[in-house]
Amino acid sequence: MANKQRLKIGDLVQIPLSKNRFGYGQLLGFNQVAIFSICQSEEISPEFIRQSKILFVIAVYKQDINQGKWKKIGKSLPVLEKLPLQFIQDMHQPGIIQLYQPETGRTTPATREDCMGLERCAVWEAYQVAERIQDYFDGKENQWENQLKLI
């Protein structure tokens, strides 16, 4: 069983994937995690991680972050100064869409065009994040990402 840990903003984490691979992320605050475009079978340096492209930024359940499922491997200044906007869409009335600012909780009316390329405001479980990273690098569609697309 993984050891519990208390991770903080700026911490770099190693995310176990299938096929003895690892993904990497950084905690950004408000339970948001930047996931990097890295999938390696060997451990890599925090410096390499910080210089890598960000694949996506999503919220992850705090208990999943602190349960030790993801190993802390370093710390640095957060890679983003400001968290990216997300969208909220009413599932029963898909025409009702809002932009959401994770740092303030502020919402503003939006159009579909405003939301293209943004993540839906949702909280992910650690296993869903790992599956999404694996699917990206395996060239497969991800069921969780598809469920959360703009409709």
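The values are calculated or read from the model by the stated rules, or taken from the named source; none is laboratory data. Model, not experiment: these values are computed from the prediction. Methodologically, a virtual Cβ is constructed for each residue, glycine included, from the backbone with ideal geometry; neighbour enumeration extends over all protein chains shown. We work out accessible area using only protein heavy atoms, side chains counted, and drop any ligands, DNA or RNA first. Shrake-Rupley method; radii C 1.70, N 1.55, O 1.52, S 1.80 Å.
Data overview
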| read-out | value |
| --- | --- |
| Meets criteria (at negative phi and surrounded by fewer than 16 Cβ atoms within 10 Å (Cβ to Cβ)) for residue 24 | no |
| Condition met for residue 95 (in a loop (DSSP other than H, G, I, E, B) and either at pLDDT 90 or above or not acidic (Asp, Glu) (or both)) | yes |
| Residue match in the range 31-38 (condition: open to solvent by 10 Å² or more (accessible area, probe 1.4 Å), modelled with pLDDT of 95 or more and touching a helix residue (DSSP H, G or I) at 6+ places or on another chain (Cβ under 9 Å)) | yes |
| The range 122-151, subset open to solvent by 70 Å² or more (accessible area, probe 1.4 Å) and among the basic types (Lys, Arg), residue farthest from the chain's Cα centre (by Cα) | 140 |
| Some residue of the range 70-79 being under 12 Å from the mean Cα position of the chain (by Cα), closer than 28 Å to residue 18 by Cα and open to solvent by less than 80 Å² (accessible area, probe 1.4 Å) | no |
